[in-house]
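Engineer: First the structure, which I've put down as structure tokens, then a few questions once you've had a look.
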Amino acid sequence: MIRYLVLFLFSLSIYSQSEPNHVLFIGNSLTYSNNLPEILKDIATNFNETVITTSLCYPNYGLEDHWNDGKIQKIMNKEHFNYVIIQQGPSSQMEGKNTLIEFGSKIKALCSKNGSQLIYFMVWPSKHYYTTFNGVIENHKLAAKTNNALLSPVGEIWQAYNNINGLESLYGLDGFHPSKTGSFLSALILFKTMYPNINLNDLSFENSNSWVTNKESYNTMIELINTKTIKHEN
């Protein structure tokens, strides 16, 4: 009897797991710094979820560069991805906004054709251009709404976190690329965008202190994300 009960519970645990999510990252060094895709996979593992990632991330690339070199089209027509996460520079100015919208639209068309969901990864400006932060936020919101895509509001939560004194820095030494803590926050918000119904309070600080070492900083991140509604535009 016990043997059959164990087998039943084992089979139940298998079927309770979700199917793996295949994710394509399209971006630059703001994504590949600290291996953000690997952090996302690790977070997912803590929730008994499986995320498989592929990255097309190169230094100083914008969405236009990615589109023009043709690798996006080839890989998306060959492989299926549940989510396609796109990221370029801060894009606070008109040129960046237009690129977010125009080439985001082209990638969105590929997503629609191949059954993928498009996610805009909202980034942040450098410390030097911090006054442009509101433009970064608004342009990403506009691009996601225009192209009926999901928006992962990393930059918006990054800004709110920075308004609180005494927390671990999200910026690396150059004042632009993310620290390990910044990459962890980014991955955590991307995870919540993909899995909006998962309760982040179930993730323990002890399983996360490879990237954030201060518990107050960690708790602040969770609180900020929990109070921010992740809108699924499409």
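The values are calculated or read from the model by the stated rules, or taken from the named source; none is laboratory data. What you see is a predicted model; the values in this text were computed from it and never measured. Note: ideal-geometry Cβ built from the backbone for every residue, glycine included; neighbour counts use all protein chains shown. Only protein heavy atoms, including side chains, enter the accessible area calculation; ligands, DNA and RNA are left aside. Shrake-Rupley method; radii C 1.70, N 1.55, O 1.52, S 1.80 Å.
Engineer: Considering segment 134-183 alone, what residues qualify as being of a type in the set (A, V, I, L, M, F, W, C) and under 30 Å from residue 110 (Cβ atoms)? So that I can check it myself, show each step before the final result.
Structural biologist: To start, the set of residues in segment 134-183 that are of a type in the set (A, V, I, L, M, F, W, C) comprises 136-137, 142-144, 149-151, 154, 157-158, 160, 164, 167, 170, 173, 176.
Once the filter is applied, which keeps residues that are of a type in the set (A, V, I, L, M, F, W, C) and under 30 Å from residue 110 (Cβ atoms), segment 134-183 yields 136, 137, 142, 143, 144, 149, 150, 151, 154, 157, 158, 176.
Engineer: Going through segment 48-57 one residue at a time, which ones are surrounded by 16 or more Cβ atoms within 10 Å (Cβ to Cβ) and assigned to a loop (DSSP other than H, G, I, E, B)?
Structural biologist: 49
Engineer: Considering segment 207-234 alone, what residues qualify as being of a type in the set (Asp, Glu) and modelled with pLDDT of 95 or more? Write out each step before concluding.
Structural biologist: First, pick out the residues of segment 207-234 that are of a type in the set (Asp, Glu): 216, 223, 233.
Of everything in segment 207-234, those that are of a type in the set (Asp, Glu) and modelled with pLDDT of 95 or more turn out to be 216, 223.
Engineer: Before we move on, is residue 123 closer than 25 Å to residue 53 by Cα, open to solvent by less than 10 Å² (accessible area, probe 1.4 Å) and hydrophobic (A, V, I, L, M, F, W, C)? Explain how you work it out, then say what you get.
Structural biologist: On the way: closer than 25 Å to residue 53 by Cα: yes; open to solvent by less than 10 Å² (accessible area, probe 1.4 Å): yes; hydrophobic (A, V, I, L, M, F, W, C): yes.
In short, yes.
Engineer: Now, a different point. Please indicate, with yes or no, whether at least one residue in segment 26-38 is at pLDDT 95 or above, in a helix (DSSP H, G or I), under 15 Å from the mean Cα position of the chain (by Cα) and of a type in the set (A, V, I, L, M, F, W, C). Working first, answer last.
Structural biologist: Of segment 26-38, the ones at pLDDT 95 or above are 26-38.
Next cut, in a helix (DSSP H, G or I) only: 29-38.
Next, from what is left, pick out any that are under 15 Å from the mean Cα position of the chain (by Cα): 29-38.
From what is left, the residues that are of a type in the set (A, V, I, L, M, F, W, C) are 30, 36.
Within segment 26-38, one or more residues are at pLDDT 95 or above, in a helix (DSSP H, G or I), under 15 Å from the mean Cα position of the chain (by Cα) and of a type in the set (A, V, I, L, M, F, W, C).
Engineer: Among the listed residues 42, 65, which satisfies the condition of being within 20 Å of residue 180 (Cα to Cα) and either in a helix (DSSP H, G or I) or under 12 Å from the mean Cα position of the chain (by Cα) (or both)? So that I can check it myself, show each step before the final result.
Structural biologist: Working: 65 fails: within 20 Å of residue 180 (Cα to Cα).
Result: 42 is the single residue among 42, 65 that is within 20 Å of residue 180 (Cα to Cα) and either in a helix (DSSP H, G or I) or under 12 Å from the mean Cα position of the chain (by Cα) (or both).
Engineer: Let me confirm something: among 139, 148, which residue is modelled with pLDDT of 95 or more and either in a helix (DSSP H, G or I) or among the aliphatic types (A, V, I, L, M) (or both)?
Structural biologist: Selected residue: 139, the only one of 139, 148 that is modelled with pLDDT of 95 or more and either in a helix (DSSP H, G or I) or among the aliphatic types (A, V, I, L, M) (or both).
Engineer: From the set of residues in segment 141-163 that are in contact with an Asp or Glu (Cβ under 9 Å, 6 or more places away or on another chain) and open to solvent by 10 Å² or more (accessible area, probe 1.4 Å), which is nearest to residue 28 (Cα to Cα)?
Structural biologist: 151
Engineer: Also, quick follow-up: Residue 75 - would you say it is assigned to a helix (DSSP H, G or I), surrounded by fewer than 18 Cβ atoms within 10 Å (Cβ to Cβ), touching a residue at least 40 places away in the same chain (Cβ under 8 Å) and touching a Ser or Thr at 6+ places or on another chain (Cβ under 8 Å)?
Structural biologist: Values: assigned to a helix (DSSP H, G or I): yes; surrounded by fewer than 18 Cβ atoms within 10 Å (Cβ to Cβ): yes; touching a residue at least 40 places away in the same chain (Cβ under 8 Å): yes; touching a Ser or Thr at 6+ places or on another chain (Cβ under 8 Å): yes.
Taking the combined requirement at face value, the residue satisfies it.
Engineer: Counting only residues that are in contact with a His (Cβ under 9 Å, 6 or more places away or on another chain) and outside any helix (DSSP H, G or I), how many does segment 96-123 have?
Structural biologist: The qualifying residues number 7.
Engineer: Taking the stated definitions as given, is residue 31 under 30 Å from residue 197 (Cβ atoms) and surrounded by 14 or more Cβ atoms within 10 Å (Cβ to Cβ)?
Structural biologist: On the way: under 30 Å from residue 197 (Cβ atoms): yes; surrounded by 14 or more Cβ atoms within 10 Å (Cβ to Cβ): yes.
So residue 31 fits the description; yes.
Engineer: Does residue 182 qualify as being modelled with pLDDT of 95 or more, among the small types (Gly, Ala, Ser) and surrounded by fewer than 23 Cβ atoms within 10 Å (Cβ to Cβ)? Before you say what the answer is, go through the steps one by one.
Structural biologist: Working: modelled with pLDDT of 95 or more: yes; among the small types (Gly, Ala, Ser): yes; surrounded by fewer than 23 Cβ atoms within 10 Å (Cβ to Cβ): no.
When the stated conditions are applied, residue 182 does not pass them.
Engineer: Specify which of the listed residues (112, 116, 92, 169) is out of contact with any Ser or Thr (no Cβ under 9 Å at 6 or more places or on another chain), hydroxyl-bearing (Ser, Thr, Tyr) and open to solvent by 20 Å² or more (accessible area, probe 1.4 Å). I'd like the intermediate steps shown before the answer.
Structural biologist: Details: 116 fails: open to solvent by 20 Å² or more (accessible area, probe 1.4 Å); 92 fails: out of contact with any Ser or Thr (no Cβ under 9 Å at 6 or more places or on another chain); 169 fails: out of contact with any Ser or Thr (no Cβ under 9 Å at 6 or more places or on another chain).
Testing whether each residue is out of contact with any Ser or Thr (no Cβ under 9 Å at 6 or more places or on another chain), hydroxyl-bearing (Ser, Thr, Tyr) and open to solvent by 20 Å² or more (accessible area, probe 1.4 Å) leaves just 112.
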